[in-house]
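*Asks:* I'd like to ask you about the structure that follows.
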Amino acid sequence: MKKYLSYLFTISILLLTAVTPVSAVDGGCDCGFSPIVYVGPLGCARIVRDAGTDNEQQLWPIDSDFLMENLKSELPALKKGILTFNSDLIGHTLARFVNDCMSDLTLDEDGRSKANVTTPSINSPHGAKHGPDDNYYFNYDFRLDPYEHAERLHGFIDKVKQLTGHDSVKLMCSSMGGVVMSAYLDEYGYEGIDAIVCRCSPLKGTAVAGEGYCGKVELNGKAVTRYAEDGIPYLEKDPKNDDIREALLYALLDTLKATGVIDGICALGEGLIKRAGHIVFNEALIPIFRTFPGIWSFVPEEYFEEAVEFMGLKESGTLYDKVMKYRTAMANIETNLKAAQSNGTRIALIVGYNVQRTPLVTLWKSTSDGTVDTKYASLGATCGDVKKKLSRDYLKNLENKEYLSPDKMIDASTCAFPDYTWFIKDWLHCNGNSGIDSLVKHTMADEEPVNIHTYKEYPQFMEADENADTIYPATGGYSEFHRLISHPSFLNFTRFFYSIFKRIFFFI
Ligand SMILES: [Zn+2]
């Protein structure tokens, strides 16, 4: 009897789970909140070699043990190269190291992965749970053509609609998720999309990819120091020692910079990097990265032609067609988003600024969230150099100051969506911040489309406080003194102290 009852119970549960989504489709859902589809960032799906076998190896994100294992075997040669300033030896060793770690990721001339290199963690939607705190996570293999992801996303959205009984969804995109969304809009249009929210998405590319794909490398002391310093507040949190440790690191970096040590190392390193870099590019980076349509989608328009030449991309064949197809999505993104907005789709772009970008490229002065340039993520903001105001001439001639940031670093009036673009100062690329999460929720949760005027606590320009895990309206004061007064901490005191110290002794 007990056994019979348990069978009955199991069958009932199976029937219930099978029937629920169907009934949702039939009756529709009247909760008033269409489900969120979260299009993840680069690296949202693990890429694995020989999945499910004894030789299984995670290739992306690169497994640190695998990295160290490969590095260990190259260390003696690398050490010898550095000690003897032998850039050829350094170059060949690094190229071998990059190839050991990454060459299996290379796609073929049709832009397809090797058969034994797969993404076993690719998601499909399941369950009917939806609401402001839930989302259906869409992940993908970052190397591939964004239009392939768009095709999968199309099916994914259909499935979400079926499961939830809604006839529309909201798209929340993080970083590269905006690239997939751009391809989706271009191919499938905006029907059934209630909202598009992008967080630090390279909608018009990023200079790191543009310059990297053109081989423009520069090691700049100031950029290296600032890059490290801007990352300090984002170090792993240890509530007890964090503040003091961060302050000491800051002091050390600034002292090394002010006394010329970092510039000296960079000058020494730059010669080596240029020569060794040439070898690494030719023997490893170009053969691998040339084949990734996904990364090509980060190359801004102004770099594209030169990048095709530098990377030696053959201008015919399937791979080239895939790379070229995304140029249309990128070129059309403003028009496509505007068409969607006219049709009632809510648009919100949330971008970071004032973080020192990756110091290896010549365009190190471009203000960014550390990875994506503010001008590209915001679809056209006019920006001062990182940590600097817009030029005096620009400010003098600017008639409409409504969209000018209080610190005079950003003019949002030139954006494609000046009323729907938020700027977060000092926000490191895609870093978790509950204040930003809350802003995102507001942009998706309300009946009426939210813009920069809707909430007093979410104006167009805000500042991120990583330590307090929040954002607050920008005040315009931009000095280390202002930072110390508004957020007293040992780190901020050190920043203030060094700003005075440098001004007095080094006239910086
Ligand atoms: Zn519902």
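The values are calculated or read from the model by the stated rules, or taken from the named source; none is laboratory data. Model, not experiment: these values are computed from the prediction. Glycine gets a Cβ as well: all are built from the backbone with ideal geometry, and neighbour counts include every protein chain shown. Keep in mind that these areas ignore ligands, DNA and RNA; they rest on the heavy atoms of the full protein, side chains included. Shrake-Rupley method; radii C 1.70, N 1.55, O 1.52, S 1.80 Å.
*Asks:* If you rank 29, 200 by how much accessible surface each has, with a 1.4 Å probe, what is the order from largest down? Could you put the intermediate results ahead of the total?
*Replies:* Details: 29 45, 200 0 Å².
Largest accessible area first, the list is 29, 200.
*Asks:* Kirkwood-based Rg over Rh for the chain (C-alpha set), two decimals? Don't skip to the end; give the middle numbers.
*Replies:* Numbers: Rg = 24.8 Å, Rh = 25.0 Å.
Dividing the radius of gyration by the Kirkwood radius yields 0.99.
*Asks:* Further question: Once you mark the trypsin sites (Lys or Arg not before Pro) that are in a DSSP loop and have at most 13 other Cβ atoms within 10 Å, what is the longest gap between them in the chain? Before the final figure, lay out the partial values.
*Replies:* Numbers: sites that count: 114, 129, 237, 240, 314, 401, 456.
Within the chain, the longest run free of exposed trypsin sites (Lys or Arg not before Pro) spans 1-113.
*Asks:* Using θ = phi - 60° and the Karplus curve 6.51 cos²θ - 1.76 cosθ + 1.60, what whole-Hz ³J(HN,Hα) does each residue of segment 195-201 get, with Gly and Pro shown as x?
*Replies:* 8, 10, 10, 10, 10, 6, 8
*Asks:* Then there's this: Can you list which of the GluC sites (Glu not before Pro) found in segment 275-335 are DSSP loop residues with at most 16 other C-beta atoms within 10 Å? Intermediate values should be presented prior to the final figure.
*Replies:* Values: sites: 283, 301, 302, 305, 306, 309, 315, 334; in loops: 315.
Filter output for segment 275-335: 315.
*Asks:* Separate question: Test of understanding: what is the full-extension gain from residue 187 to residue 67, defined as 0.36 nm times their sequence separation minus their Cα-Cα distance?
*Replies:* 39.4 nm
*Asks:* Here's a follow-up. Expressed in nm to one decimal, what extension gain is obtained for the pair residue 85 and residue 485 from 0.36 nm per residue of sequence separation less their Cα-Cα distance? Spell out each step's value before the answer.
*Replies:* Working: separation 400, 0.36 × 400 = 144.00 nm, distance 4.71 nm.
Working it through step by step, the gained length comes to 139.3 nm.
*Asks:* Now for a separate question. With θ taken as phi - 60° and the coefficients 6.51, -1.76 and 1.60, list the Karplus ³J(HN,Hα) couplings across segment 303-318 in order, rounded to whole Hz; mark glycine and proline as x.
*Replies:* 9, 4, 4, 5, 5, 4, 6, 4, 7, x, 6, 5, 8, 6, x, 5
*Asks:* Let me ask you something else. Mean residue ellipticity at 222 nm from the helices of the chain, using -39,500 (n - 2.57) per DSSP H segment of n ≥ 4 over the full residue count, to the nearest 500 deg cm²/dmol? Working shown, then result.
*Replies:* Details: 18 runs with 236 residues, N = 508.
Rounded to the nearest 500, it is -15000 deg cm²/dmol.
*Asks:* Kirkwood hydrodynamic radius (Cα pairs, Å) of segment 370-425? Can you show the working numbers first?
*Replies:* On the way: mean 1/r = 0.0880 Å⁻¹.
Value: 11.4 Å, from the Cα pair sum.
*Asks:* State to the nearest 20 debye the size of the charge dipole of segment 384-494 about its Cα centre, where the only charges are +1 on K and R beta carbons and -1 on D and E beta carbons. Working shown, then result.
*Replies:* Working: 11 positive and 18 negative charges, 111 e Å.
Around 540 debye, computed over segment 384-494.
*Asks:* If you don't mind, another one. So for segment 351-508, considering every pair of alpha-carbon atoms, how many percent are separated by more than 24 Å? Present the calculation step by step, with values, prior to reporting the outcome.
*Replies:* On the way: 4396 of 12403 pairs.
Looking at segment 351-508, the distances longer than 24 Å represent 35 percent of pairs.
*Asks:* So for the chain, taking the charge dipole from beta-carbon charges (+1 Lys/Arg, -1 Asp/Glu), which of 438, 78, 333 sits furthest toward the positive end?
*Replies:* 78
*Asks:* Please figure out what share of the DSSP beta bridges in the chain is antiparallel and state it in percent, rounded to the nearest 5. Could the numbers behind the result be given before it?
*Replies:* On the way: 16 of 43 bridges.
About 35 percent, rounded to the nearest 5.
*Asks:* What is the set of long-range amide H partners of residue 173 at a cut-off below 5 Å, with H atoms built 1.01 Å from backbone N?
*Replies:* Under 5 Å from the amide H of residue 173: 39, 197, 198, 199.
*Asks:* Given H placed on each backbone N at 1.01 Å, which residues far from residue 36 in sequence or on other chains put an amide H within less than 5 Å of it?
*Replies:* Distant-sequence amide H within range of residue 36: 131, 136, 170.
*Asks:* When only Cα pairs under 8 Å and 6 or more residues apart are kept, what is the percent relative contact order across segment 33-508?
*Replies:* On the way: 874 pairs, mean separation 81.8, N = 476.
Averaging sequence separation for qualifying contacts and normalising by length gives 17 percent for segment 33-508.
*Asks:* Once amide H atoms are built 1.01 Å from N in the peptide plane, which residues 5 or more positions from residue 42, or in another chain, come under 5 Å H to H?
*Replies:* 176, 177
*Asks:* Cα centroids of segment 266-312 and segment 418-471: how far apart, whole angstrom?
*Replies:* 35 Å
*Asks:* Find how much the distance from residue 53 to residue 456 grows on full extension, using 0.36 nm per residue of separation minus their present alpha carbon separation; answer in nm with one decimal. Write out the running numbers ahead of the final one.
*Replies:* On the way: separation 403, 0.36 × 403 = 145.08 nm, distance 5.54 nm.
Stretched out fully, the residue 53 to residue 456 stretch lengthens by 139.5 nm.
*Asks:* Residue-wise, which Karplus ³J(HN,Hα) couplings in Hz belong to segment 208-215, taking 6.51 cos²θ - 1.76 cosθ + 1.60, θ = phi - 60°, and x for glycine or proline?
*Replies:* Per residue, the Karplus-derived 3J(HN,Hα) values read 4, 5, x, 6, x, 6, 9, x Hz.
*Asks:* Dipole size in debye (nearest 20) for the chain around its Cα centre, Lys and Arg Cβ +1, Asp and Glu Cβ -1? Numbers along the way, then the final one.
*Replies:* Details: 51 positive and 68 negative charges, 204 e Å.
It comes to approximately 980 debye.
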